[in-house]
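**Student:** I'd like to ask you about the structure that follows.
The values are calculated or read from the model by the stated rules, or taken from the named source; none is laboratory data. Because the structure is a prediction, the values reported are computed rather than measured. Cβ coordinates were reconstructed from backbone atoms using ideal geometry, including for glycine residues, and neighbour counts include every protein chain displayed. What goes into the accessible areas is simple: the full protein's heavy atoms, side chains included, and nothing from ligands, DNA or RNA. Shrake-Rupley method; radii C 1.70, N 1.55, O 1.52, S 1.80 Å.
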Amino acid sequence: MPEISSTSRRGLLFGTAALSAGALITGCTSNEPEKKDSAAPANAPVADGAPGKAVTIGFAGPQADHGWLNAINDNAKQRAKKYSDVTLEITEGSNDTAAQIGQVQTLINKKVDVLVILPADGKALTQVGLQAMKAGIPVINLDRIFASPQAYRCWIGGDNYGMGLNAGNYIGERLKDKPNAKVVELAGVDNLELTKQRTQGFDDALKNYPNIRKVARQAADFTVESGQAKMAQLLQAQSEFDALWNHDDDQGVGALRAIAQAGRKDFIMVGGAGAKSAMDAIKADNSVLKATVLYPPTMAASAIDIARAVAQGKGVGGMAEMEIPASITLYSAVVTKDNVDQYLPTGFI
């Protein structure tokens with residue numbers, strides 16, 4: 001989710017988080033005998049929970065200075081504990097690129113079997129990703145993408161454009177029958193590519209609703225304090241609007257404080273990322289917050305699954321291919337009062 005320095009549910013991938021893999025389905029349309037699909041090898045190895053080859057996974061991420069990043073680390077640790085054949089070597093985490101590069105190089109020197117890296121800065125850590133790959137250590141690039149596809153075996157991450165798109169579509173459906181509807185946007189950090197992608201998705205969704213116009217946008221910094229300050233400015237500048245799209249649930253805590261202080265209840269709010277506090281508020285249904293669009297930290301659990309499968313030379317259940325895909329983009333589900341209980345276990349603090 002939020003990126004401090006650079007860019008960046010569940011489905012069939014080994015049980016918890018996030019790869020939706022469709023099984024091949026064939027049907028008979030004539031009286032001819034059903035034929036077996038010879039293209040799909042019957043002996044394709046599939047990753048599962050049964051103990052296999054012992055695997056050491058090195059995990060390097062940025063400093064956990066945000067609830068989402070802390071959840072990333074926790075998801076990786078908890079997932080690794082489920083496998084008796086996995087040993088997890090996890091670094092302390094740093095937002096200093098030189099320090100993180102050093103941490104990854106230490107893991108390379110330890111000759112771990114596979115690396116999972118969520119870079120503080122994808123571009124800056126590309127070279128160390130290449131170094132690992134050249135050393136024969138497959139790299140699972142988590143969320144913030146390296147500058148070269150040669151620096152990783154598989155990328156898995158969230159869909160920033162999809163977050164904005166789904167937030168816009170949710171708001172659009174809620175306001176589609178309201179003439180001259182107005183929306184405002186509380187964005188993240190404007191110099192980040194992910195912020196631009198979320199805004200672009202939101203704007204593209206609103207194009208489908210000609211009755212809706214975005215009248216204001218303010219950028220915050222993914223913190224409670226910035227969310228409160230910037231939301232207060234939006235509320236002062238806009239005496240009337242119908243919906244708010246907030247990019248991040250952490251800054252949304254501050255935004256909700258500003259809204260309560262202003263005594264405003266005349267609009268709906270959609271959050272972003274999937275914090276537990278946001279889900280609790282959605283479930284209670286006692287504030288303007290009616291939905292949040294996920295950027296699931298469960299991707300770290302899936303990254304451990306993928307790393308284990310790659311190290312053991314296995315593929316994904318439900319897919320005909322014998323190899324792990326080169327990239328996996330997670331879906332940005334919209335959490336509302338109707339489905340919040342399903343997603344609450346994935347909410348981060």
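**Student:** Under 27 Å from the Cα of LYS77, which lysines turn up, not counting those fewer than eight places away in the same chain?
**Tutor:** Once the sequence-local lysines are set aside, what remains near LYS77 is LYS53, LYS110, LYS111, LYS123, LYS134, LYS276, LYS314.
**Student:** Rounded, prolate or oblate, given the Cα gyration tensor of the stretch 65-138, with a/c below 1.5 counting as rounded? Mind dumping the intermediate values first?
**Tutor:** Numbers: a/c = 2.15, a/b = 1.11, b/c = 1.94.
Because a/c hits 1.5 or more and a/b fails to exceed b/c, the stretch 65-138 counts as oblate.
**Student:** At q = 0.07, 0.12 Å⁻¹, what is the base-10 log of I(q)/I(0) for the chain according to the Debye formula with one equal point scatterer per Cα and no solvent? Please give it to two decimals.
**Tutor:** Reported log10 I(q)/I(0), two decimals: -0.33, -0.86.
**Student:** For THR56, which sequence-distant residues (separation of 5 or more, or a different chain) have an amide H within less than 5 Å of its own amide H, given hydrogens modelled in the peptide plane?
**Tutor:** THR87, ASP113, VAL114
**Student:** Another question, then. Return the sequence-ordered ³J(HN,Hα) values of the stretch 105-117 in whole Hz as given by the Karplus equation 6.51 cos²θ - 1.76 cosθ + 1.60 applied to θ = phi - 60°, using x for Gly and Pro.
**Tutor:** 5, 4, 5, 5, 5, 6, 6, 4, 6, 7, 10, 10, 10
**Student:** Within straight cross-link reach of LYS207, meaning Cα distance under 27 Å, which lysines are found once same-chain residues fewer than 8 apart are removed?
**Tutor:** LYS176, LYS178, LYS182, LYS196, LYS230, LYS265, LYS290, LYS337
**Student:** With a 10 Å radius around each residue's Cβ, average the other Cβ atoms per peptide and rank 212-218, 282-288, 311-317, highest first.
**Tutor:** By packing density, highest mean first, the sequence is 311-317, 212-218, 282-288.
**Student:** Residue by residue through the stretch 124-140, which ³J(HN,Hα) values in whole Hz follow from phi under the Karplus form 6.51 cos²θ - 1.76 cosθ + 1.60 (θ = phi - 60°), with glycine and proline marked x?
**Tutor:** Once rounded to whole Hz, the list reads 5, 9, 4, 5, 6, x, 4, 4, 5, 4, 5, 7, x, 9, x, 10, 9.
**Student:** Just how far, in whole angstrom, is the stretch 159-183 from the stretch 320-349 if you go by their alpha carbon centroids?
**Tutor:** The stretch 320-349 and the stretch 159-183 have Cα centres spaced 21 Å from each other.
**Student:** Okay, moving on. Rounded, prolate or oblate for the stretch 263-349? Axes are the square roots of the Cα gyration tensor eigenvalues, ordered a ≥ b ≥ c, and the cut-off for rounded is a/c under 1.5. Before the final figure, lay out each step's value.
**Tutor:** Numbers: a/c = 3.53, a/b = 3.13, b/c = 1.13.
In terms of gyration-tensor shape, prolate.
**Student:** A follow-up question, please. With point charges of +1 on the Cβ of Lys and Arg and -1 on the Cβ of Asp and Glu, referenced to the Cα centre of the chain, which listed residue (SER277, PRO296, VAL334) lies farthest in the positive direction of the dipole?
**Tutor:** The residue sitting farthest along the positive end of the dipole is VAL334.
**Student:** Can you give the convex hull volume of the alpha carbon atoms of the stretch 271-316 per residue, in Å³?
**Tutor:** 70 Å³
**Student:** Same structure, new question: Taking a quarter of the surface of the Cα convex hull of the stretch 127-268, what do you get in nm²?
**Tutor:** Mean projected area of the Cα convex hull: 9.5 nm².
**Student:** Got a number for carbon plus sulfur as a percent of the chain's accessible area, 1.4 Å probe?
**Tutor:** Accessible surface attributable to carbon and sulfur in the chain totals 48 percent.
**Student:** Under the Karplus relation 6.51 cos²θ - 1.76 cosθ + 1.60, θ = phi - 60°, what is the ordered set of whole-Hz ³J(HN,Hα) values for the stretch 66-77, x standing for Gly and Pro?
**Tutor:** 8, x, 5, 5, 4, 5, 4, 4, 5, 4, 5, 4
**Student:** In Å², what does the accessible area per residue of the chain work out to with a 1.4 Å probe?
**Tutor:** So the chain comes to 44 Å² accessible per residue, rounded to a whole number.
**Student:** Calculated from DSSP H runs of 4 or more alone, at -39500 (n - 2.57) each and per residue, what is the 222 nm mean residue ellipticity of the chain, nearest 500?
**Tutor:** Computed ellipticity for the chain at 222 nm equals -11000 deg cm²/dmol.
**Student:** Right, next: Rounded, prolate or oblate, given the Cα gyration tensor of the stretch 155-199, with a/c below 1.5 counting as rounded?
**Tutor:** The shape class here is oblate.
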